[in-house]
Amino acid sequence: MIRYISARLLATVPVVFGVTIAVFSMLYLIPGDPVKMMLSEFQTSPEQIARMRAQLHLNDPFFVQYGRFVWNGLHGNLGTSIRDDRPVTQEIFEVLPQTVQLAVAALALSSLLGMALGILAALRQNSWVDIGAMTLATLGISMPSFWLGLILILIFSLRLELLPAAGGGDLPHLIMPAVALGLGAAAIIARLTRSSMLDILRTEFVTTARAKGLTGRTVVLRHALLNALIPTITIFGLQFGTLLTGTVFIETVFGRPGLGRLAIQAILNKDFPLVQGSVLIFALGYVVVNLLVDIVYAVVDPRIRYQ
Amino acid sequence: MGVARRAGVGAGIVLLAVALAAVGAVTAAPSGTMLTVGLDQEPPTLDPEASPSAVTFQIIPDVTESLLYQGLDGKIQPWLASAYKVSPDGKSFTFTLRADAKFTDGTPVNAEAVKWNFDRVVNPNYKAGGSLSALSGYAGSTVVDDHTVRIDFKAPYAPFLSYAAGGTLALVSPKATQTQGSDVNLKPVGSGQYVVSEYVPKDHITLTRNADYDRKPPWSDHQGPAYVNTIVWKFIPEAGTRVTTVESGETQMISGLSLPAATLSHLATERTLRIDRNPYPGAPRIWVLNVRMAPTNDLKVRQAIEYGINRAAIADSVFKGLGTTACAPLTQQTLKTPSLCNAYPYDPKKAAQLLDEDGWKMGPNNIRQKDGKPLTLTINSINYGSGNLPEIELLQGQLLALGIDARIKSQARPPWYEDNYHCATNGPVLFLRSTDPDGLFALFDSANIGGNFNWACYSNPEVDKLLQTGRETYDPAKRSAIYRQIEKILVDQAISVPLVDEYSVWIVRSNVTGTKYNFSGYPILTDVKIGK
Amino acid sequence: MAETLAPRAAPAAGARARTRWQMLAPRIRRHKGLMVGLAIVVLLVVIAVFRDYVAPQNPIKIDVTAALQGPEPGHWFGTDQYGRDVFSRVVHGASISLTVGAIAVVIAATVGTAVGLVAGYYGRGVDALIMRIIDVLLAFPGILLALGIVSVLGPSLQNLMIAVGISGIPFYARLVRGTVLVAKEQLYVEAARVIGVPIPVLLVRHLLPNIVAPIIIAATLGMGITILQAAGLSFVGLGSQPPTPEWGRMLTEGRDYLRDAWWISTFPGIAIMITVFGVNLLGDGLRDVLDPRLRI
């Protein structure tokens, strides 16, 4: 177990290294002078620009700058936002909880809904329930989350006046964003749960259990369900990543102060340090979640360790 | 099968419980001592002397105070200064300060503090905003005695009294400002009826009542502190969302900037709401045409655009209720110029004829061309986070009908400024809330090319000279004549397309009374009371 | 998931392909989802191609006197705040979304396939290096890679296609590599190598036909995701520019009018959903028919 975990941890190192290189090189690829952008709302002289460049060590070679970027990053310093003149890490961690909250709520919602629908469909394979549920799921996958968000606002905020349309913070502000974000993931989970449920129901030990005279309900409960859920866990990591970045659209729709909205505003503002910081945090968060999922999966299903 | 059914029902119950919890929370409305105001954008800074943006000055009048006050009627009244005197040569202004005014950190508002503030603005190491042009020609301040300060200028400076009454020259505490570093951008310390108690970036600003305030400001109905305990300024860029919040009571007041016209007329019929509407002074919503870049460097093309843009259609559609058709580079409220209103009547045929004469013949895809080159131009469009301003796409559509292919360069504030400084597009659409016709100086004096706000990149010695004369002239009638003359030149040369004379529009819940507005059209909330 | 793929049958020559098609045709016809998906996609393509005839009006023509009219004869989907006919804009949007989706998928699939072929065939160091890079790219979840690329290139419809296309490359590369790893162990590949068939020929003639089915399935399903992503990026202002009648952009433009003119943003949203739904049905159906064991 420990060997598996340490091997898995080790495999993460080059990925993290690659991610930091990729994020850092963004600044080099962007057309336009970041220094001029920083000073753009004010009239500047060439001397001021030169001084700023020196202050930011922009004249150093690429790898020296990259080294500094990583070193500072390890010390919790991702630079200063051009637009707000505040530390990037501070700006990110102010809004990060809102995004994590939203992604977790959406994941919980989509898991519950998706599994329920998937199990239901599998148990009644090829019935109208199955066909209906799967058509619904395909529709769910096809629906743009941001459009669903607008429709929810139209119905629940503007017409029924039940839920607040914008902002973040408390539970009422979380419901519609979580639903809009989670429904697509629910559809994917439903399809996956259904197919892995069907696989299990076909396998021998369920047939054996049935032959032993156990009732249908017990079979489903004891054997099929738990075994079917194991593969579903693996896609949690994947889904969480998709949900995490899905906040980019949902936070924009609901005017929710979060990392996704921060990233979009930073891109539109050409606030490069903030773009780098938010992209980096998104990617690292995803790497960490996948690492955790893999470890949990290995604990739940020992077979995986020997593959 | 039973399991599945139960799981489904279980999920349903969870969702229902969540929904019920939500309903419970929404009905708990905020109490009467808190006012929540929805604003379209976050200010770049709250430091009044650093801000180049009008947003700051919508929030700050409750926090900081100025030497003078200019109300909606335009009359200059005493505020922190109890009296003022202009020297016979018009170059020096002597202010007598009230003895009882204190900044909220306890520092007295005295002559030393005024001098410190004004010196700060012109300090080359300080990133001053609109305050810098308000102090143009500043020669220095002299502390005559503790309560008397004299401000000197290199030349006579007629607009100064109005500027001294504006938000850009509001005073911050020298003591607090020197110690708080960059926090001055978030929590400037003034002498007003509120203090900034919390600043949550990207979300809201909380102002808390200054209970020690014991004066009666010039607009107020009472002496002493403001009525409402807390004012929350919430940033809600999406206009539609902003409207929802004021209807539901999440906010009690919202900015009407860029509100969809249909929504506004719909709101006017709601009994729970009131619409406060006052004209903005200064320049209208205006498209300045970059005279350095093709094709707008060509007078004929510019004139064709003037004839071909249907301003009335813009004012009557997306700006309905938010303004009236503009005529000139200054709003009619700032300077009446009826003759200029008919300078370029909407006449697409005339526009087409001008373009034809100029060699721009109709080409493929209904885009005009000359020597094989299509007639294209770029409009620099500022995007505060919820898309382009509503007039931009209308302009694009109207230009297309003329055979002009207008590209929209939609960008956030910093790159938008950058392009304006470099004359890199055919011009932005902007507005300038100047309290004096001298606002034309910022817009069209050649000294402001590459700076704020000569983004037409227009240089005309005759106009420069007239602008300077306008600044030096105190006689109101003579001043007006000078500015009318400048406007005539600008209109003849088609340097800008004035679109809409805008109103400052605020949608307020009916139970909120006592909203006041200064000459700039910015709200003052110290007399607000919230009823049942 | 690619590793779970089973080995596939020997390469298809012309005659074999025909028999294979004859074998598949009835299965395709019997598959209801596939037929419905196909019908939706074909209909959309027809609408996109003949947009100038289907749309009653010029999609970018402004007429403020006709602004904000609800759905009614003449304006089936109403008009927007500038008086443009929403139906005409939705119709023209079909060609934009399908084009963006198709081009981005072609970029992703061709580059991804090439990379996957090379990595899978050469194995060892080349494979290890390529897969490390792919791993890094896959560490950017969902839309993030496209977002990063757009922020570098700047927002426009063209850059949007490139960004979404590039962000899809790792997916195809991994899929193809996995399939190649299995296929190259087969006898005929070994035989071709022994008789000295040049490597490029080997890759394209012998290995590629084996992996066409999974690529087609992946590309069809990927097109749905791509259309959604492109619309999303346009929605947040990082894609198409006005007055382009792009669906994601139309959602943004109608957003402020949600209360008073729900039709402006409702119909483009439905259009996106129907398109992606059709593409997904088609993809699911193709998978069921061509390669039921493929898990994508």
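The values are calculated or read from the model by the stated rules, or taken from the named source; none is laboratory data. Predicted, not measured: the structure shown is a model, and the values here were computed from it. Heads up, the Cβs are rebuilt from the backbone with ideal geometry, glycines too, and the neighbour counts pull from every protein chain shown. For the accessible areas, the whole protein counts, side chains as well, though only heavy atoms, and no ligand, DNA or RNA atoms are used. Shrake-Rupley method; radii C 1.70, N 1.55, O 1.52, S 1.80 Å.
Summary of computed values
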{"quantity": "Matching residues, segment C:129-150, being in contact with a Leu (Cβ under 8 Å, 6 or more places away or on another chain) and either in contact (Cβ under 8 Å) with a residue 12 or more places away in the chain or open to solvent by 20 Å² or more (accessible area, probe 1.4 Å) (or both)", "calculated": "C:137, C:142, C:143, C:145, C:146, C:147, C:150"}
{"quantity": "Selected residue (only one of B:126, B:84 is among the aromatic types (Phe, Trp, Tyr), open to solvent by 30 Å² or more (accessible area, probe 1.4 Å) and farther than 28 Å from residue B:430 by Cβ)", "calculated": "B:84"}
{"quantity": "Lone qualifier among A:101, A:125 - being within 30 Å of residue C:254 (Cα to Cα) and open to solvent by 20 Å² or more (accessible area, probe 1.4 Å)", "calculated": "A:101"}
{"quantity": "In segment C:251-263, residue most open to solvent (accessible area, probe 1.4 Å) [restricted to those that are of a type outside the set (D, E, K, R) and within 16 Å of residue C:240 (Cβ to Cβ)]", "calculated": "C:252"}
{"quantity": "Condition met for residue B:291 (at negative phi, at pLDDT 95 or above, open to solvent by 20 Å² or more (accessible area, probe 1.4 Å) and not acidic (Asp, Glu))", "calculated": "yes"}
{"quantity": "Number of the condition not met by residue A:292 [criteria: (1) at pLDDT below 90; (2) closer than 20 Å to residue A:172 by Cα; (3) of a type outside the set (Ser, Thr, Tyr)]", "calculated": "(2)"}
{"quantity": "Checking residue A:166 against (1) facing another protein chain (nearest Cβ under 9 Å); (2) within 30 Å of residue C:263 (Cα to Cα); (3) open to solvent by less than 40 Å² (accessible area, probe 1.4 Å); (4) assigned to a helix (DSSP H, G or I), the condition it does not meet", "calculated": "(4)"}
{"quantity": "Any hit, segment C:189-196, residues being more than 14 Å from chain A (Cβ to nearest Cβ), open to solvent by less than 20 Å² (accessible area, probe 1.4 Å) and closer than 26 Å to residue C:233 by Cα", "calculated": "no"}
{"quantity": "Scan of segment B:312-326 for residues that are open to solvent by 20 Å² or more (accessible area, probe 1.4 Å) and under 21 Å from the mean Cα position of the chain (by Cα), ordered by number", "calculated": "B:320, B:321, B:324, B:325"}
{"quantity": "Qualifying residue in segment A:129-145 (condition: buried (at least 21 other Cβ atoms within 10 Å of the Cβ), assigned to a loop (DSSP other than H, G, I, E, B) and touching a helix residue (DSSP H, G or I) at 6+ places or on another chain (Cβ under 7 Å))", "calculated": "yes"}
{"quantity": "Set B:189, B:184, B:195, B:172: member being under 15 Å from residue B:230 (Cα atoms) and either of a type outside the set (Ser, Thr, Tyr) or more than 19 Å from the chain's Cα centre (by Cα) (or both)", "calculated": "B:195"}
{"quantity": "Filtered residues of segment B:87-101 (kept if open to solvent by 50 Å² or more (accessible area, probe 1.4 Å) and either in a strand (DSSP E or B) or among the β-branched types (Val, Ile, Thr) (or both))", "calculated": "B:96"}
{"quantity": "Sole residue being at pLDDT below 90 and touching a strand residue (DSSP E or B) at 6+ places or on another chain (Cβ under 6 Å), chosen from C:209, C:242", "calculated": "C:242"}
{"quantity": "Enumeration of residues in segment B:57-81 that are in a loop (DSSP other than H, G, I, E, B) and either open to solvent by 10 Å² or more (accessible area, probe 1.4 Å) or not aliphatic (A, V, I, L, M) (or both)", "calculated": "B:64, B:66, B:72, B:73, B:74, B:75, B:79"}
{"quantity": "Members of segment A:281-302 found to be surrounded by 22 or more Cβ atoms within 10 Å (Cβ to Cβ) and more than 9 Å from chain C (Cβ to nearest Cβ), listed by number", "calculated": "A:281"}
{"quantity": "Among (1) buried (at least 20 other Cβ atoms within 10 Å of the Cβ); (2) modelled with pLDDT of 95 or more; (3) out of contact with any strand residue (DSSP E or B) (no Cβ under 8 Å at 6 or more places or on another chain); (4) of a type in the set (A, V, I, L, M, F, W, C) - the single one residue B:299 does not satisfy", "calculated": "(1)"}
{"quantity": "Options B:242, B:277, B:271: the member that is open to solvent by 20 Å² or more (accessible area, probe 1.4 Å), under 19 Å from residue B:510 (Cα atoms) and under 25 Å from the mean Cα position of the chain (by Cα)", "calculated": "B:277"}
{"quantity": "Meets criteria (touching a Lys or Arg at 6+ places or on another chain (Cβ under 8 Å), outside any helix (DSSP H, G or I) and under 27 Å from residue A:236 (Cβ atoms)) for residue A:118", "calculated": "no"}
{"quantity": "For residue A:158: the one exception among (1) over 28 Å from residue C:259 (Cα atoms); (2) at pLDDT below 85", "calculated": "(1)"}
{"quantity": "Candidate set from segment B:32-48 (those that are of a type in the set (Ser, Thr, Tyr) and out of contact with any Lys or Arg (no Cβ under 7 Å at 6 or more places or on another chain)); member that is least open to solvent (accessible area, probe 1.4 Å)", "calculated": "B:45"}
{"quantity": "Residue A:49 vs. criteria buried (at least 23 other Cβ atoms within 10 Å of the Cβ), at pLDDT below 90, farther than 26 Å from residue A:254 by Cα and not basic (Lys, Arg)", "calculated": "no"}
{"quantity": "Qualifying residue in segment C:227-244 (condition: crowded, with 22+ Cβ neighbours inside 10 Å, among the β-branched types (Val, Ile, Thr) and farther than 29 Å from residue A:135 by Cβ)", "calculated": "yes"}
{"quantity": "Candidates C:143, C:169, filtered to the one that is at pLDDT below 90 and within 14 Å of another protein chain (Cβ to nearest Cβ)", "calculated": "C:143"}
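Residue by residue, here is whether (1) touching a Pro at 6+ places or on another chain (Cβ under 6 Å); (2) of a type in the set (Lys, Arg); (3) outside the structural domain of residue A:150 (by TED's automatic domain parsing) holds:
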site	(1), (2), (3)
A:253	no, no, no
A:261	no, yes, no
A:279	no, no, yes
A:287	no, no, yes
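Residues checked against (1) within 14 Å of chain A (Cβ to nearest Cβ); (2) open to solvent by less than 20 Å² (accessible area, probe 1.4 Å); (3) assigned to a strand (DSSP E or B); (4) without any contact (Cβ under 8 Å) to a residue 12 or more places away in the chain:
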{"site": "B:187", "(1), (2), (3), (4)": "yes, no, no, no"}
{"site": "B:195", "(1), (2), (3), (4)": "no, no, yes, no"}
{"site": "B:217", "(1), (2), (3), (4)": "no, yes, no, no"}
{"site": "B:246", "(1), (2), (3), (4)": "yes, yes, no, no"}
{"site": "B:258", "(1), (2), (3), (4)": "no, no, no, no"}
{"site": "B:267", "(1), (2), (3), (4)": "yes, yes, no, no"}
